[in-house]
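This report concerns only the one structure given below.
The values are calculated or read from the model by the stated rules, or taken from the named source; none is laboratory data. Because the structure is a prediction, the values reported are computed rather than measured. Here the Cβ positions follow ideal geometry from the backbone for every residue, glycine too, while neighbour counts run over all protein chains shown. Just the protein is used for accessible areas: all its heavy atoms, side chains included, with ligands, DNA and RNA removed. Shrake-Rupley method; radii C 1.70, N 1.55, O 1.52, S 1.80 Å.
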Amino acid sequence: MKAEMRGNTSISLQNPTLFETHQTPLSGALNGCLGSLDGTCLEKLLLHCASALESNDVTLAQQVMWVLNNVASSVGDPNQRLTSWFLRALISRASMVYPTSINFSGSSTIQRRLMSVTELAGYVDLIPWHRFGFCASNSAILKAIEGFPRVHIVDFSITHCMQWPTLIDELAKRPKPPSLRISVPSSRPPVPPLLNVSTEEVGLRLGNFAKFKDVPFEFHVFDSSSPKDQQQQHLINPSLLNLRDDEALVINCQHWLRFLSDEQKGRDNFLNTIKSLNPQIIVVVDEDSDLSASSLSSRITTCFNYLWIPFDSLETFLPKDSRQRMEYESDIGHKIENIIGFEGVQRIERLESGIKLSQRCKNAGFLSIPFCEETVKEVKGLLDEHASGWGMKREEDLLVLTWKGHNSVFATAWFPNGLDD
């Protein structure tokens, strides 16, 4: 992750003369870095800025921001590009805490874009961040529902049902495809990717595809809003699912559990509710990192070393000025802004590692379903379509996507302890 840093980002801080001092706390931050601003030094500067903000040292925070402003670049190498989004997040945080003391020109607000379905398909195909989870989950689901004439999938996902055309295609290959019912919540976390059509329209398109493939299909949007308690949004009310005794129930969670409040036991309550439904299988896919720490410095360290992965992977096949690359990185910037710029209920990105999630599932009374060799083979085939840096490994109950050996995304499958075979 080491590279020489040069270039500017579009944000311009005021009062650069604040840095024109000989002996300041910033001198220690730059010790050993001048002339070689690699990823380690950039991380060190970010941590000094965070420390200054937490100790109310506005002057030092401005000084570090000015230095970061002159080494970060939204069109530079991966570390520069990543740092530019951290700088935006720190400026956003500082402007809320010190609205009259931290001065800067330019906007740090990240513009959210609405994608067409075609654009969304290209988005999930760009790197295997989402397709890995789709592939591993679909393979596990297909095995779990073997022999059932009717299947009901309750889909908790941020990718607008992009997972299901492949599953429908596989079901169509069976001598007698089962009837498939998919239920999705009416509300979702306000995070990218965002779509320019309604969930109902997505369901209609899936229905047309299933009809073309001769797979009996139903689509249902159930009410998941909770206006009285924002922290309990995106949960599940079993009475709204219209569960049927003759269906094999599948619970699919793709990049979802991290948005449930852990402070109010939202994740444990969710898992307990799921267990009470006796699903045939529950699959959980999410990013394999721990970004739930209360300490800002801890979150910066973990986040910087984790979200370097997609920035570095995009560098391998897209030019620096690629619009597609910039838009994808902007969506990651949205995540960084929430992790670094906000606290309390506004900080909705509270990721926990796959190992922690596995233990949570075990504590809730679930048993792990190992991924079979056929699933492993399918995932490997998927990764062959992407850059050579992508890999896969088994880690306890997890199947883990890696980039240059670094854990990226995990997939895991479970069933309730006590469910009859």
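Below is a table of values for the structure above.
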| read-out | value |
| --- | --- |
| Test for Asp268: is it among the acidic types (Asp, Glu) and in contact with a Ser or Thr (Cβ under 6 Å, 6 or more places away or on another chain) | no |
| Single residue of segment 269-282 satisfying the filter (open to solvent by 50 Å² or more (accessible area, probe 1.4 Å) and not in a loop (DSSP other than H, G, I, E, B)) that is nearest to Asp245 (Cα to Cα) | Ser276 |
| Among (1) buried (at least 21 other Cβ atoms within 10 Å of the Cβ); (2) in a helix (DSSP H, G or I), the one test that Glu378 misses | (1) |
| Selection count, segment 263-297, where residues are β-branched (Val, Ile, Thr) and more than 17 Å from the chain's Cα centre (by Cα) | 4 |
| Residue that is farthest from Asp155 (Cα to Cα), among those in segment 283-341 that are surrounded by fewer than 19 Cβ atoms within 10 Å (Cβ to Cβ) and small (Gly, Ala, Ser) | Ser297 |
| Condition met for Val58 (open to solvent by 40 Å² or more (accessible area, probe 1.4 Å) and among the aliphatic types (A, V, I, L, M)) | no |
| Answer from Glu329, Glu349, Glu337 - the residue that is among the acidic types (Asp, Glu) and part of a loop (DSSP other than H, G, I, E, B) | Glu349 |
| Members of segment 393-416 that are free of Cβ contacts under 8 Å to residues at least 60 places away in the same chain and open to solvent by 40 Å² or more (accessible area, probe 1.4 Å) | Lys393, Arg394, Glu395, Glu396, Gly405 |
| Matching residues in segment 195-215 - criterion: being more than 19 Å from Gly133 (Cβ to Cβ), in contact (Cβ under 8 Å) with a residue 12 or more places away in the chain and hydrophobic (A, V, I, L, M, F, W, C) | Val197, Leu204, Phe209, Ala210, Val215 |
| Members of segment 343-358 found to be under 16 Å from the mean Cα position of the chain (by Cα) and crowded, with 19+ Cβ neighbours inside 10 Å, listed by number | Ile348, Glu349, Arg350, Leu351, Glu352, Ser353, Gly354, Leu357 |
| So Ala136, is it under 24 Å from Phe410 (Cα atoms) and part of a helix (DSSP H, G or I) | yes |
